[in-house]
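Just below is one structure, and these are the notes that go with it.
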Amino acid sequence: MTTTGNLGGASVSGAVQPRPATALLDEAVARWPRRPCVDFLGAKWTYAQIGDLVDRAAAGFRRLGVREGMRVGLCLPNTPYSVIAWYGVLKAGGIVVNYNPLYVERELIHQVKDSGTTIMVTMDLEVIYPKVAALLGKTPLEKIVVCPMAGILPFPKNWLFRLLKGKDVAKIPADAVHVRFADLVRDKTPVATAPFDPATTVAVLQYTGGTTGVPKGAMLTHANLTANADQVAAWVPDGFLKGDPKMLGVLPLFHVFAMTVVMNFGIRLGSELILLPRFDLAQVMDVIEKKRPTIFPGVPTIYTALNGAAAKSKRDLTSIECCISGGAPLPADVRARFEELTGCKLLEGYGLSEASPVVTCNPAVGLDKDGSIGLALPETRISIRTPVTSEKEVEEGEKGEICVKGPQVMLGYWNRAEATADQFHDGWLRTGDVGWRDADGFIFLVDRLKDIIICGGYNVYPRVLEEALYQHPAVEEATVIGVPDKYRGQAPLAFVKLRAGETTTPEELMTHMAGWVSKIEMPKAVEIREALPKTMVGKLSKKELVAEIIARDTIDTVDLSDPA
């Protein structure tokens, strides 16, 4: 059975109309010109002001030579510049290439060369600018637009920043290669772009490892991006949110989840985007109490951290009405605790860069299910198909690879025809994730195909073990990887971080797990760590742990000597 997403059983095709991504902002500016659009550390801009700056940036990019299809990189933390440059590049006819400011030079070089980025927008901060400047002469990069940190801070923070943080500001050469943001937006000459088809015109190259290692640029069209913003908006019914929405943006906007769910979806709702440059627990708690955001997209580790902090300090988080969790499985205990603390609805969703990214989500009203990634979004078709081959659909309740069709699915990978062909089968986007569907159409994610641990021919899914560990009251975070085993080929190895003030032992955790999983699924050992590695958006990362185990001189410390 193939599931097609709808809302309340009715077609919502009218909510998913192909149009330019810039229409999201233009429509919001026309509707709510005086409403706050961006709040950055206390400095605020209305929708009319942001719209004006976007028009000026578009004119500035045109003066720099940006034309239809030209790739412009954004290497920025969450700031107003992120929003202005993103929409400005698209209004000029260019293609946005998102860059992680934390990337090392090697990673930046690969992405600039692969995408053909010729202009980069970045900050004047020492932690970012020198890495971008080092790309000149080594890559196609020709110009750098430099945005000043002090220029977006409110008084007196801007004055104090210049006075006390001078060492953190990079010295920018005065030459033809470097363009100050003030010069970029100095005037607003109307920008005329040739008519284009939003369904086939690329708006963003979103780099992702996909289901294999080398980062590839997912070609997301204008229609992909507007469709996904419309789909998410359709999932939150009228009247569910009270008053003017306020979106707390802690997730980095260069990541596809935040690009869509924080920025584009937030702007479509006319939200005030409360942007923070990074996740700082104390700062986030203060912002929630003082600025009273109503929507807070995040990843499970963020909600876990807030649960622990709020329970101890009794902070008021009750302004939050709706949260969308993605990027990693949401433990039922984490969800229950967060909803109890806030009174909000915490919705688990699922997506991937190749789908702009949201594919499924639990409903904001009505039935939802713990452990499920929810129902297909409007106009999205989900098919659970045979793993590896994806040739046919499996039966209800049977595990298979999750495959997707919908208006949010990418055109393909930039300059990688073979990789694109591998990612699709009969028009279905292969996600590389294993899941199953129940009788109500809810999808349950089991694990990544590449993360499955083959123990003596038996498939062991790390997520099952992780969920078992989360049932122990002392466990705050858990992740499981596969390690070599001379008897079974592979065996699970578990890593946990304990809640503050809690104590337990690996032996106690092994005893606990024996009541939740079969003997063949039991990990060979559990290691308790002070902290577990995380990705740039804060979800738990396995690759560092895998590399650590591979680097060990021996695996004996993992106790691989006895067959299960």
- Item | Largest to smallest accessible area among Asp238, Asp26, Asp39, Asp370 [probe 1.4 Å] | Asp238, Asp370, Asp26, Asp39
- Task: Quick one: accessible surface of Lys450, probe radius 1.4 Å, all protein chains present, in square angstrom to the nearest 10.
- Result: 130 Å²
- Message: Below 8 Å, C-alpha to C-alpha, sequence gap of six or more: please give me the relative contact order for the chain in percent.
- Response: 13 percent
- Item | Partner lysines for Lys524 [C-alpha distance under 29 Å; skip if fewer than 8 residues away on the same chain] | Lys399, Lys450, Lys486, Lys497, Lys534, Lys539, Lys542, Lys543
- Treating the angle as unsigned and between 0 and 90°, give the value, to the nearest 10°, between the Cα long axis of helix 281-291 and the longest Cα principal axis of the chain. 60 degrees
- Message: Checking the cross-link filter: which aspartates and glutamates have an alpha carbon closer than 18 Å to that of Lys91, excluding same-chain neighbours under 8 positions apart?
- Response: Asp26, Glu27, Asp52, Asp55, Glu68, Asp183, Asp187, Asp197
- Task: Excluding residues on the same chain fewer than 8 positions from Lys519, give the aspartates and glutamates whose Cα lies under 18 Å from its Cα.
- Result: Glu466, Glu467, Asp485, Glu507, Glu508, Asp559, Asp562
- So how many Lys-Lys pairs in the stretch 199-307 land under 22 Å Cα to Cα, not counting same-chain pairs under 8 apart? 4
- Take every Cα-Cα pair in the chain and report what % of them are more than 46 Å apart. 13 percent
- Compute, for Glu396, the solvent-accessible surface of its heavy atoms (probe 1.4 Å) with the complete set of protein chains present, and express it in square angstrom to the nearest 10. 110 Å²
- Message: Restricting to Cα pairs below 8 Å that are 6+ residues apart, what does the relative contact order work out to for the stretch 320-466? Please round to a whole percent.
- Response: 17 percent
- Item | Against the rule of thumb 2.2 N^0.38 Å, how large the Cα Rg of the stretch 181-275 comes out | 1.31
- Roughly how many Å² of Tyr129 are accessible to a 1.4 Å probe, to the nearest 10? 20 Å²
- Sorted list, accessible surface of protein heavy atoms, 1.4 Å probe, largest first, for Phe181, Phe265 is Phe181, Phe265
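The values are calculated or read from the model by the stated rules, or taken from the named source; none is laboratory data. Since we're looking at a predicted model, the values are computed, not measured. Heads up: the accessible areas ignore ligands, DNA and RNA and are worked out on the full protein's heavy atoms, side chains in. Shrake-Rupley method; radii C 1.70, N 1.55, O 1.52, S 1.80 Å.
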